[in-house]
1. Do we have residue 120 as of a type in the set (Val, Ile, Thr) and under 30 Å from residue 46 (Cβ atoms) here?
2. Within the stretch 293-304, count every residue that is over 21 Å from the mean Cα position of the chain (by Cα) and surrounded by 21 or more Cβ atoms within 10 Å (Cβ to Cβ).
3. Looking at the stretch 220-237, which of its residues are of a type in the set (Val, Ile, Thr), closer than 15 Å to residue 358 by Cα and open to solvent by 20 Å² or more (accessible area, probe 1.4 Å)?
4. Just the residues that are over 15 Å from residue 224 (Cβ atoms) and open to solvent by 10 Å² or more (accessible area, probe 1.4 Å), please, taken from the stretch 305-333.
5. Do we find a residue being in contact with a Ser or Thr (Cβ under 6 Å, 6 or more places away or on another chain) and either aromatic (Phe, Trp, Tyr) or in a helix (DSSP H, G or I) (or both) anywhere in the stretch 69-85?
6. Out of the stretch 38-51, which residues are assigned to a helix (DSSP H, G or I) and either among the polar types (S, T, N, Q) or loosely packed, with under 14 Cβ neighbours inside 10 Å (or both)?
7. With respect to residue 359, determine if the residue is open to solvent by less than 30 Å² (accessible area, probe 1.4 Å) and on the phi < 0 side of the Ramachandran plot.
8. Considering only the stretch 225-336, give the helices (runs of 4 or more DSSP H) lying wholly within it that have at least 2 residues that are over 25 Å from residue 119 (Cα atoms), in contact (Cβ under 8 Å) with a residue 12 or more places away in the chain and hydroxyl-bearing (Ser, Thr, Tyr).
Amino acid sequence: MTANILSRVPRGWILLAAIGLIALNMRGPFVAVAPVVGLMQRELGFTPVELGFLTGIPVLCFALAAPLASLAGRKLGAEVAITLTLLGVLLGVMVRSAGGGGLVMLGTVILGIAITVGNIAVPLIVRRDFSPARQGAAMGIYTAAFNVGSFLTSVVTAPLAELLGWRPAIAACGVFALAAAVVWALAFGGRAFIPEAAPASDPARAARKPASRWITVGLTAGFAGQAFSYYGVTAWLPSLLADELGMAPAAAGAGSSLFQILAIAGSLGVPLAARFASTTTVGLALGLLWLTVPVGLLLAPELWWLWSSFGGVAQGGGITLIFIAIIRLARDQASAGRMSAVVQGAGYCFGALAPTLLGYVHGVSGSWAGPLLMVLGSVGVFILGTASSLRHVPKVN
């Protein structure tokens, strides 16, 4: 009976469900550590430096493993690359929860590399298997589910740790990978497991499209500004609110929660907005929302809830808009993979630097003005980088 029901469901809807489930795995396994970090530190004896390295591993993998992820997509095909992502997530969460500090680090590296492959491969599937009119919606659901996965994991992990211990708690996010693997297999059948190299570039088709080198440079700059701002604000917003307004840790954490959860509105809203306005206009609007975070916290920190909300919409919409630009501006599947690897690899390098640089400037100056001005500068890079590239994105109705 289940098979009969599934046979009547359009494949596009199954694929869209699979993409949403895959996205639940793309950030959630990393968020799982934060609620139990104290328990892990007491049992495993991690130093503060080791804890900092542990939390920084994922973004470093996103940056350094991007070329490897692009190669996997070209040599094996996007379907198998995503299958490897889901298997890697399962392996990573098991290794991370199975032993001492060394295995925790190794499992986190496995997770980082596996998810980097998915970061590159999922947009390729969206570009190939959805019509231009549906690509934006598919990417919006994909990036919105990043935040849904992070939110669900952060809510569930602490209660599970109290009930079962921190090891089963951080392994529980593997359930999302199992669910995604089942639906992924339903969407593609045997193709999800049989390597099939991506088709080579079509020189004749490529010749009919404008050169993309400077477009790639602009998108890379835009993504770097987005990533630096996002990881910097995520790392230090609670501390800033506690210092500037005297907020208790729980209350200060609410600012960060708003910043994360409102990203869902940005991710889902950008594809809709792009139907009624040019992507350049949408990008500039997101840039203005981003600007309210550093400017607002400098001038009126007591309105933190408003700036966190605007910033959340901006950061969710910003990453969605850049992914949409990549899949619409690339000449073909091969160039889409290369462009995505360059944009994400370089962009995440800057994102990985943000917490350390902002923390250093704050420590030296004893003020949050310097870090906020750095975020202001990175938002400016986001605006300039995306504006120079988004004007080339074709309008889709």
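1. no
2. Number satisfying all stated conditions: 3.
3. Passing the criteria: only 234.
4. 305, 306, 307, 309, 310, 313, 328, 329, 331, 332, 333
5. Yes, because at least one residue in the stretch 69-85 is in contact with a Ser or Thr (Cβ under 6 Å, 6 or more places away or on another chain) and either aromatic (Phe, Trp, Tyr) or in a helix (DSSP H, G or I) (or both).
6. 38, 41, 42, 48, 49
7. In short, yes.
8. The qualifying helices (runs of 4 or more DSSP H) are 304-329.
The values are calculated or read from the model by the stated rules, or taken from the named source; none is laboratory data. Values in this document were obtained by computation on a predicted structure and should not be read as measured data. Methodologically, a virtual Cβ is constructed for each residue, glycine included, from the backbone with ideal geometry; neighbour enumeration extends over all protein chains shown. Quick note on the areas: whole protein, heavy atoms, side chains included, nothing else; ligands and nucleic acids left out. Shrake-Rupley method; radii C 1.70, N 1.55, O 1.52, S 1.80 Å.
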